[in-house]
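Below: one structure, written as structure tokens.
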Amino acid sequence: MVDSAKAFVSYSRADTDFVLRLCQDLRTAGASIWLDQLDIHPGEDWDEAIERGLFECGRMLAVLSPKSVSSQNVLDEIGYALSKKKPIIPVLHQDCEVPYRLNRIQYVDFRTTYDEPLKSLLVAIGDAKQNPETIPVPVPHDRSRRLYLLAGVAAIVAGLLTWTTFGHWRVSENFKLAVDTQKPERVTTDPPAQSNTSPATGNSQPASKGSFQDSFRTTLLRYVSEAPSGFQTLGAKEWMDWAPSVSLPGAVSCRGSGYPQEPVIECVLYRTDSEVEAANKFEDLIELTRATLPEWEGNRLNMYVAYFSSKKVTSLVGLNVVKSGDHFDVVLSVRPKR
């Protein structure tokens, strides 16, 4: 069924930082947005999910930049929206040659400023729950706190608000990865019989916290460095799901997919039947990733979705909590920026 109020966001992965910030602010104001990085879950077929999003959304936001207007995927998505007579709102992010089929449509100009165009875009979308004139200017490094206040689960929010804001995490010397009261069958960040390198090595020697963190760091950095090439040296197979030759330590599962068009590695690092425990593990994973990538910028989109990116590196690290049946998975993913 088509949701006329929901907007499909078409963009280039090269513009990920801008797009994630924009979608976060639009959702905070109450706009209904569909974005691949937020709405495609681990295990879903990427192409099928994109097709479903295009079909179900009644309109489109087309983020325009030199990279997006030269992307065949973006042009195909715009062509589909036009063929179905779906309204398109062009969002001009950077100077570029606007596609001929859009050059008669008034765009929202984000090239030099952000706050006023954001309000204009919310007016154009028309379904925001807040009056655009009353929307506060986003404050850097305090975005996660603002999102927490919007969350619907008061008990979890109260606990999460005790953490410092995302942009200023520090990992203490006695950083504790495992929860002492955790049930034996649940996966912890500090498994009692974990390999010093990765599960793929078959080494059964117990790993200390230090060796676990070292192994996590080594493996994640390898994923990041291999992402731009599509993880070919890690075993990527064309148009097939594949198992990486090296897995993150303690992972319930690691899988690769999407090669060569949208290569990604997704690892389920924790699995639990408690949402509160999943939220705590998610925070642990954020701190561990922050310690691994200290020069990267971290951002939160909501209580259960975060990402790390760097202007110097063409890879993106995503973190999220996914409900699957009667349990919750805490997932880390690595992919190249599109």
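For the stretch 31-88, GluC sites (Glu not before Pro) meeting the loop criterion (DSSP other than H, G, I, E, B) and having at most 15 other Cβ atoms within 10 Å: 44. Legend: calculated FRET efficiency, residue 106 to residue 46, from the Cβ-Cβ distance at R0 = 30 Å, rounded to 0.05, equals 0.40. Using the Cα gyration tensor of the stretch 1-133, with a ≥ b ≥ c the square roots of its eigenvalues, what is the shape: rounded (a/c below 1.5), prolate (a/b larger than b/c) or oblate (neither)? It is rounded, given that a/c, with a ≥ b ≥ c, falls under 1.5.
Count Lys and Arg as plus one, Asp and Glu as minus one, and take only other residues whose Cβ is under 14 Å from that of residue 236; the net charge is then -1.
Applying 1/(1 + (r/R0)^6) with R0 = 22 Å to the Cβ-Cβ distance of residue 225 and residue 295 gives a FRET efficiency near 0.95.
Work out, step by step, the length gained on full extension between residue 310 and residue 4: first 0.36 nm times the residue separation, then minus their alpha carbon distance; give nm to one decimal. Before the final figure, lay out the partial values.
On the way: separation 306, 0.36 × 306 = 110.16 nm, distance 3.49 nm.
Between residue 310 and residue 4, full extension yields an extra 106.7 nm.
Per residue, the accessible area of the stretch 242-338 comes to 33 Å², computed with a 1.4 Å probe over protein heavy atoms only.
Restricting the stretch 237-279 to chymotrypsin sites (Phe, Trp or Tyr not before Pro) that sit in a DSSP loop and have at most 16 other Cβ atoms within 10 Å of their own Cβ leaves 239.
The values are calculated or read from the model by the stated rules, or taken from the named source; none is laboratory data. Nothing here was measured: the structure is a model prediction, and the numbers come from that model. Note: ideal-geometry Cβ built from the backbone for every residue, glycine included; neighbour counts use all protein chains shown. With ligands, DNA and RNA removed, areas are computed over all heavy atoms of the protein, side chains included. Shrake-Rupley method; radii C 1.70, N 1.55, O 1.52, S 1.80 Å.
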